[in-house]
Amino acid sequence: MHPQRRENAEAYRHIQVRPNDTGFGAEITGLDLAQPLAPAVLDEVKRAWVRHSVAWFPDQALSIEELEAFTQQIGPFGVDPFVRPMPGHPNVLEVRREPDEKSRAFGRSWHSDWSFLDAPPAATLLLSKVTPPVGGDTLFADGQRAYESLSPAFKRLLDGLQAVHSARRSYGTEGSFAKDKERHSMPIITGKEAEGSRTHPLVRTHPVSGRKTLFINPVYATGIEGMANDEAKALLDFLFARMLEERFIYRHRWRQDMLTMWDNRCTMHFADGGYDGHLRVMHRTTVAGDRPV
């Protein structure tokens with residue numbers, strides 16, 4: 001028996017978990033997420049999610065209220081700056097793109113959600129409500145295995161470094177959304193509030209698993225504390241290239257009524273396009289996280 005399949009059979013009594021061969025990403029079935037999960041079941045879901053970083057639950061035709069309720073079983077709602085929430089649902093974003101939109105699809109750059117916050121979200125949940133017949137994949141990069149692939153000497157070089165994170169490139173007054181004059185279905189907010197910065201460990205320790213991971217992304221990681229810009233860029237570009245090697249990437253293909261939950265503490269993701277001319281609608285929530293250490 002494949003070792004991953006053997007571990008799966010032994011580890012879970014209440015759910016079925018089908019991991020990818022790399023162990024990065026897993027399908028979870030045997031659940032009705034419209035109903036509250038028993039503590040033992042919820043514990044297995046959380047363990048599988050932390051172990052595999054990206055978890056998806058097919059055939060979950062959840063209402064907004066049911067999505068909110070399941071999110072709160074995972075943890076308290078996180079903060080979602082710079083995008084206005086759905087009316088009457090302050091913790092839910094509608095990720096929407098109309099068939100005739102010409103603007104760049106939301107999330108179409110490698111990033112980890114809101115890593116510029118003091119305490120970035122632990123989890124993002126995304127529910128497919130209107131799924132186009134083509135395109136729309138989401139790619140995920142595994143920061144844990146990418147870090148573990150580095151040499152001991154290089155790991156020592158990274159030890160103690162603080163990466164600078166900011167939303168200015170996307171949401172600042174001169175950011176990409178402020179400069180984009182095309183119509184957006186999503187209510188994006190830009191301004192000076194996005195131009196501050198925070199530092200987080202370039203290598204953080206996952207608060208649940210204890211595994212170390214690269215905690216950087218090309219959108220929000222703008223430098224390294226104490227380094228000149230060219231020095232920081234050279235180091236960050238090397239690490240981004242390592243994270244984006246094919247062996248660390250999982251391409252996720254959506255289906256109607258699929259709920260996907262990923263771990264922002266150890267992954268980054270990219271929303272692929274390829275569905276121009278088709279409506280795409282997703283409902284999105286986040287779970288609060290801790291300050292990276």
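Does region 223-231 contain at least one residue that is in contact with a helix residue (DSSP H, G or I) (Cβ under 7 Å, 6 or more places away or on another chain), at pLDDT 95 or above and either aliphatic (A, V, I, L, M) or surrounded by fewer than 18 Cβ atoms within 10 Å (Cβ to Cβ) (or both)?
Among the residues of region 223-231, at least one is in contact with a helix residue (DSSP H, G or I) (Cβ under 7 Å, 6 or more places away or on another chain), at pLDDT 95 or above and either aliphatic (A, V, I, L, M) or surrounded by fewer than 18 Cβ atoms within 10 Å (Cβ to Cβ) (or both), which makes the answer yes.
Scan region 77-88 and tell me whether some residue there is of a type outside the set (V, I, T), in a loop (DSSP other than H, G, I, E, B), in contact with a helix residue (DSSP H, G or I) (Cβ under 6 Å, 6 or more places away or on another chain) and touching a residue at least 24 places away in the same chain (Cβ under 8 Å). Give the steps one after another, and end with the answer.
From region 77-88, those of a type outside the set (V, I, T) are 77-78, 80-82, 84-88; that's our starting set.
Subsequent filtering for residues that are in a loop (DSSP other than H, G, I, E, B) retains 78, 80-82, 84-85, 87-88.
Still in the list and also in contact with a helix residue (DSSP H, G or I) (Cβ under 6 Å, 6 or more places away or on another chain): 82.
Still in the list and also touching a residue at least 24 places away in the same chain (Cβ under 8 Å): 82.
Yes.
One line per residue, one yes/no per condition, for (1) among the acidic types (D, E); (2) closer than 12 Å to H111 by Cα; (3) in contact (Cβ under 8 Å) with a residue 60 or more places away in the chain:
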position: F238; (1), (2), (3): no, no, no
position: R242; (1), (2), (3): no, no, yes
position: R251; (1), (2), (3): no, no, yes
position: R255; (1), (2), (3): no, no, yes
position: L259; (1), (2), (3): no, no, yes
position: H269; (1), (2), (3): no, yes, yes
position: G274; (1), (2), (3): no, no, yes
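Is it fair to say D118 is more than 21 Å from T138 (Cβ to Cβ), of a type outside the set (A, V, I, L, M, F, W, C) and in a loop (DSSP other than H, G, I, E, B)? Give the derivation first.
Working: more than 21 Å from T138 (Cβ to Cβ): yes; of a type outside the set (A, V, I, L, M, F, W, C): yes; in a loop (DSSP other than H, G, I, E, B): yes.
Judged against the criteria, D118 is a match.
Out of all the residues in region 178-215, which are small (G, A, S) and touching a Cys at 6+ places or on another chain (Cβ under 9 Å)?
Pass one, region 178-215, residues small (G, A, S): 178, 185, 191, 194, 196-197, 209-210.
Passing the criteria: only S209.
Among the listed residues S53, S112, S103, which satisfies the condition of being in contact with an Asp or Glu (Cβ under 7 Å, 6 or more places away or on another chain) and closer than 21 Å to F248 by Cβ?
Details: S112 fails: in contact with an Asp or Glu (Cβ under 7 Å, 6 or more places away or on another chain); S103 fails: closer than 21 Å to F248 by Cβ.
Just a single option satisfies the conditions, and that option is S53.
Kindly provide the set of residues from region 201-212 that are closer than 15 Å to P121 by Cβ and buried (at least 19 other Cβ atoms within 10 Å of the Cβ), ordered by number.
Initial filter on region 201-212 (closer than 15 Å to P121 by Cβ): 204, 206-208.
Result: R204, H206.
In region 155-186, which residues are buried (at least 18 other Cβ atoms within 10 Å of the Cβ) and of a type in the set (G, A, S)?
Passing the criteria: A163, S166, A167, S170, G172, G175.
Going by the structure shown, is G273 in a loop (DSSP other than H, G, I, E, B), farther than 25 Å from H89 by Cα and touching a Lys or Arg at 6+ places or on another chain (Cβ under 8 Å)? I'd like the intermediate steps shown before the answer.
Values: in a loop (DSSP other than H, G, I, E, B): yes; farther than 25 Å from H89 by Cα: yes; touching a Lys or Arg at 6+ places or on another chain (Cβ under 8 Å): yes.
Criteria met by G273.
The values are calculated or read from the model by the stated rules, or taken from the named source; none is laboratory data. Predicted, not measured: the structure shown is a model, and the values here were computed from it. Ideal geometry is used to build each Cβ from the backbone, glycine not excepted, and the neighbour counts take in all protein chains shown.
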